[in-house]
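I have placed the structure first, in the form of structure tokens, so that the comments after it can refer back to it.
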Amino acid sequence: MKRINYNGPINPLSFGNVSYNILKQLYKKNIEVCFFPMGNNLDFSAFDKASEDFKKWVYKCYEDRYKNLSPDSPALRMWHINGSDTRYSKRQFLYTFYECDKPTETELNLCNYQDKTIFSSSHANEVFSKNGCNNSCFIPIGFDEDFYETGKTYLENKINFGLVGKFEKRKHTARILKLWADKYGNNKKYQLTCSITNPFFKKEQQNSLILKALDGKLYNNINFLPFVKTNTEMNEVYNAIDINLSGLSGAEGWNLPAFNSSCLGKWSIVLNSTSHKDWANKDNAIIVDPSEQTDIYDDIFFTKGQDYNQGSMSCFSDDDFYKACEIAENKIGKKNTKGVELIKEFNYNKTVDKILELMQS
């Protein structure tokens, strides 16, 4: 395949990170691209390791998109199901993430509207296939090569837990904060480093949610980071964390923070649910089995009765949280070598090769 029409975001959010890595591989594979960025916005602020040649190529693909646009070139769209109705070619492939478990009629119709819908997780592919989506498949994403092991010592004589990912109900952010504080709060042997800024919340709103989660108490060993702007800074955060709690999210399309930490040889506590099942196991993570399913609705990002994002999320018990933390503590000082091996299995070179092969078939 020599040319594709590509539509996706370039920004600091998770979709933007995945899109950036897809474009990098298309660049390396010498694929001609007519690039249609979401909102005509090219925000490279997070990607401080991107080469100037690559960025020039991306801008050129954008500037010449109408000169080279052809209906005979297949289109790849990397976006939410909501908003996937626009087509950029006679043949269009949607790459998307899905966290819930009850596809709606609208979601199923939009996925069937594509020539092929590619989900990031086998969980999403399975629930859509079972509910009437006849053209879906599963291709996982991979490890971002901008991240690497620094080999630095960050907090001597402390065990540093980490919580990464925007503050949200489905991620159990408030509950994790409360449970951790109850067990380790103000104990100088431990620290919790939080990178949980939700860009869709006002600062006052987020601070209020944090205070509510902690019953209005302040702890000297819980550190809330401001929004991490670049991947270089994010790499330092990942490397400083000994035990990543982000994998306790109840519904994910992949979970980059927990996955990236595992690939860097750290230990992640992971709920055995949704996309986590595709990469996390007892050899490379501390696995927690779900205790129950509960409604995912928060009336912010997930609203009951809407055309998108309906269903439930997985939960965990207090006891299982504490047991998992204790197991993780006993692994401090032992590199997660099986986690590092994930990089060989899950990388963007393989991801894009599989996508291109599918688009050619």
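The values are calculated or read from the model by the stated rules, or taken from the named source; none is laboratory data. In this text the structure is predicted, and so the values were computed from the model without any measurement. Every residue, glycine as well, gets a Cβ built from its backbone with ideal geometry; the counts of neighbours run over all protein chains shown.
No other residue among K102, K116 is touching a residue at least 24 places away in the same chain (Cβ under 8 Å) and loosely packed, with under 15 Cβ neighbours inside 10 Å apart from K102. Among residues of the stretch 254-267 that are more than 11 Å from G162 (Cα to Cα) and surrounded by fewer than 24 Cβ atoms within 10 Å (Cβ to Cβ), those with a beta-carbon under 8 Å from a residue that is among the basic types (K, R) and at pLDDT 95 or above at least six positions away or on a different chain give the pairs G265/K335.
Taking the criterion of being part of a helix (DSSP H, G or I) and either in contact with a Gly (Cβ under 9 Å, 6 or more places away or on another chain) or surrounded by fewer than 17 Cβ atoms within 10 Å (Cβ to Cβ) (or both), the residues of the stretch 313-328 that qualify are D318, D319, Y322, K323, E326, I327. Among the residues making up the stretch 155-173, those that are farther than 12 Å from S246 by Cα and at pLDDT 95 or above are K158, I159, N160, K169.
Of the residues contained in the stretch 207-229, none is found to be touching a Cys at 6+ places or on another chain (Cβ under 9 Å), crowded, with 22+ Cβ neighbours inside 10 Å and not β-branched (V, I, T).
Considering only residues in the stretch 82-99 that are basic (K, R) and surrounded by 15 or more Cβ atoms within 10 Å (Cβ to Cβ), the one that is nearest to R65 (Cα to Cα) turns out to be R87.
Does the stretch 230-252 include one or more residues that are of a type in the set (F, W, Y), at pLDDT 95 or above and under 30 Å from N347 (Cα atoms)? Yes; the residues of the stretch 230-252 include at least one that is of a type in the set (F, W, Y), at pLDDT 95 or above and under 30 Å from N347 (Cα atoms). Residue pairs whose Cβ atoms lie under 9 Å apart, sitting 6 or more positions apart in sequence or on different chains, and linking a residue in the stretch 151-163 that is at positive phi and charged (D, E, K, R) to a partner that is in a loop (DSSP other than H, G, I, E, B) and surrounded by 15 or more Cβ atoms within 10 Å (Cβ to Cβ), do not occur here. Among the residues of the stretch 77-110, those identified as assigned to a strand (DSSP E or B) and out of contact with any helix residue (DSSP H, G or I) (no Cβ under 6 Å at 6 or more places or on another chain) are R77, Q92, L94, Y95, T96.
Selection within the stretch 61-76: residues that are in contact (Cβ under 8 Å) with a residue 60 or more places away in the chain and part of a loop (DSSP other than H, G, I, E, B). The member of this set that is farthest from M359 (Cα to Cα) is L69. Scanning the stretch 15-57 for residues that are in a loop (DSSP other than H, G, I, E, B), in contact with a strand residue (DSSP E or B) (Cβ under 9 Å, 6 or more places away or on another chain) and closer than 22 Å to S70 by Cβ yields a single hit, I31. With respect to G250, is the statement that it is in contact with a helix residue (DSSP H, G or I) (Cβ under 6 Å, 6 or more places away or on another chain), surrounded by 15 or more Cβ atoms within 10 Å (Cβ to Cβ) and outside the structural domain of F119 (by TED's automatic domain parsing) true? No: the conditions fail for G250. Which condition number does K29 fail, the rest of (1) in contact with a helix residue (DSSP H, G or I) (Cβ under 9 Å, 6 or more places away or on another chain); (2) within 26 Å of F227 (Cα to Cα) being met? Against the list (1) in contact with a helix residue (DSSP H, G or I) (Cβ under 9 Å, 6 or more places away or on another chain); (2) within 26 Å of F227 (Cα to Cα), K29 comes up short only on (2). For the stretch 300-312, the condition holds for no residue, the condition being that it is under 29 Å from F200 (Cα atoms), buried (at least 17 other Cβ atoms within 10 Å of the Cβ) and either touching a Gly at 6+ places or on another chain (Cβ under 6 Å) or without any contact (Cβ under 8 Å) to a residue 12 or more places away in the chain (or both). If you go through the stretch 325-337 and pick out every residue that is free of Cβ contacts under 8 Å to residues at least 60 places away in the same chain and among the small types (G, A, S), you end up with 1.
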